[in-house]
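The values are calculated or read from the model by the stated rules, or taken from the named source; none is laboratory data. On a predicted model such as this, the values are computed, not experimentally measured, just so you know. Quick reminder, even Gly has a Cβ in these numbers, built from the backbone with ideal geometry, and neighbours come from all protein chains shown.
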Amino acid sequence: MTGAFLSPDVLPEPLFRKTLDLLVEMTALSSQSNDPDGLRRMAQRLGAELAIRGLSSEIRDEVGEEGVKLPVLLGRGRDLSGGPLLLIGHIDTVLPAATPELRDDRLVATGAIDMKGGLVAFLGALDLLRHWGLQPPPDLLLAVVPDEEVGGLLSRAVVRRWSAKARALWVLEPGEPAEGGGETMVSGRRGMFQWRLDVRGRAAHSGLHYWHGRSALTAAAGWCVEAEAHSARDGGPTVNVGRLVAGDTTFVEDLAARHALLGTEQQLNVVPDRACAEGEARFLRAAEGERMAEVLQTLARNIAADTGTEITFHLGATIPPVDPDGPQAAWCDRAVALA
């Protein structure tokens, strides 16, 4: 990823160069998701920098996806007896590290923005506080996770654990570039829920008994098209169909063993009696999410009745939205003013 340099006007030149050098060093450290050794080296390097700046650091090995132990880094201030000021970051990157390159006023490197840039900017902020003769809040708690880019099992667990009593939570990942060369501060986020659609029809020979069949594929495809049609532009709710699998029951329910049927002439004369679709819905307001879940459930009932199939709509856990005009707005306004 490509990251523009911080302006030297924000940091005194020596601190700016120190921060930039540290970012170059850390982007050269490969910490690809699912690389426990690389992630641990990155956690240790970041922990050492936190210790230099007065935060106690601890690396905990926690069990992630598929039972693999991955490092979670915690950096603590002096007093966490009350609700901490929680900062969240991640050390994993989608790709292994490439050699960082300085190109004029830009750094081209793996994780230069997402999100080693955010972590190193935090270290630079601590240095700037020291330069001004100030101390960071004593209740500061930094939690850095290793799997944000790949499902985030540990990410979700760590955030839930430490945010339960937090007085405030900041995510250090940089926002999108803004007009005029600035950066976007994200003060809210869309909520979401995942869903699954299971469809069962009636198999039949398409040459002899076509009209006796009830196509699960046709029913599922119709549901998916109508479901996505409920998406609204300009900040409205959206429905995304992530995958759709259909065919006869043995194919769908044992796809790992039966995928070789694809591209052959086998079973093309069978009306599909099984289909499965999976996806997610996103929304800016909680009421929109509730309405969308009701719409998708009603749509499943209606299409089942129209097609003579059995359709079950499964609603996954809901992640609530964060209203950008909520109580955190004052914190964001203050951060922008200080910047």
Exclusive hit being small (Gly, Ala, Ser), in contact (Cβ under 8 Å) with a residue 24 or more places away in the chain and under 24 Å from ARG285 (Cα atoms), set ALA330, ALA317: ALA317
Scanning the range 126-139 for residues that are out of contact with any strand residue (DSSP E or B) (no Cβ under 6 Å at 6 or more places or on another chain) and in a loop (DSSP other than H, G, I, E, B), the one nearest to GLU173 (Cα to Cα) turns out to be PRO136
Looking for something of a type in the set (Ser, Thr, Tyr) and in contact with a helix residue (DSSP H, G or I) (Cβ under 7 Å, 6 or more places away or on another chain) - is there at least one such residue anywhere in the range 177-198? yes
Given the criterion touching a helix residue (DSSP H, G or I) at 6+ places or on another chain (Cβ under 6 Å) and among the β-branched types (Val, Ile, Thr), identify the matching residue among ILE91, ILE113. ILE91
Scan the range 263-270 and tell me whether some residue there is out of contact with any helix residue (DSSP H, G or I) (no Cβ under 8 Å at 6 or more places or on another chain), surrounded by 15 or more Cβ atoms within 10 Å (Cβ to Cβ) and at pLDDT 95 or above. yes
Those residues of the range 55-114 which are touching a residue at least 60 places away in the same chain (Cβ under 8 Å), within 21 Å of ALA166 (Cβ to Cβ) and part of a loop (DSSP other than H, G, I, E, B) amount to LEU55, GLY77, ARG78, ASP79, LEU80, GLY82, GLY83, PRO84, ILE91
Just to be sure, is ARG53 charged (D, E, K, R), modelled with pLDDT of 95 or more and in the same structural domain as PRO36 (by TED's automatic domain parsing)? yes
Residues that are in contact with an Asp or Glu (Cβ under 9 Å, 6 or more places away or on another chain), of a type in the set (A, V, I, L, M) and within 15 Å of LEU172 (Cβ to Cβ), drawn from the range 93-118: ILE113, MET115
From the list PRO71, PRO84, pick out the single residue that is crowded, with 20+ Cβ neighbours inside 10 Å and more than 22 Å from the chain's Cα centre (by Cα). PRO84
ARG258 vs. criteria closer than 30 Å to ALA168 by Cα, surrounded by 15 or more Cβ atoms within 10 Å (Cβ to Cβ) and not assigned by TED's automatic domain parsing to the domain that holds ALA157: no
May I ask you to list pairs of residues, at least six apart or on different chains, whose Cβ atoms are under 7 Å apart, with the first in the range 279-304 being farther than 21 Å from LEU244 by Cα and the second being surrounded by fewer than 16 Cβ atoms within 10 Å (Cβ to Cβ) and modelled with pLDDT under 95? LEU284/GLY235; ALA286/PRO320
Identify the single condition in (1) under 18 Å from GLN328 (Cα atoms); (2) over 17 Å from the mean Cα position of the chain (by Cα); (3) touching a residue at least 24 places away in the same chain (Cβ under 8 Å) that ALA164 does not satisfy, given that it satisfies every other one. (3)
From the list GLU149, GLU183, exactly one residue is among the charged types (D, E, K, R) and without any contact (Cβ under 8 Å) to a residue 24 or more places away in the chain. Which is it? GLU183
Report, by residue number, each residue of the range 161-176 that is outside any strand (DSSP E or B) and either touching a helix residue (DSSP H, G or I) at 6+ places or on another chain (Cβ under 6 Å) or among the acidic types (Asp, Glu) (or both). LEU172, GLU173, PRO174, GLU176
Criterion first (touching a residue at least 12 places away in the same chain (Cβ under 8 Å), assigned by TED's automatic domain parsing to the domain that holds LEU169 and part of a helix (DSSP H, G or I)) does LEU142 satisfy it? no
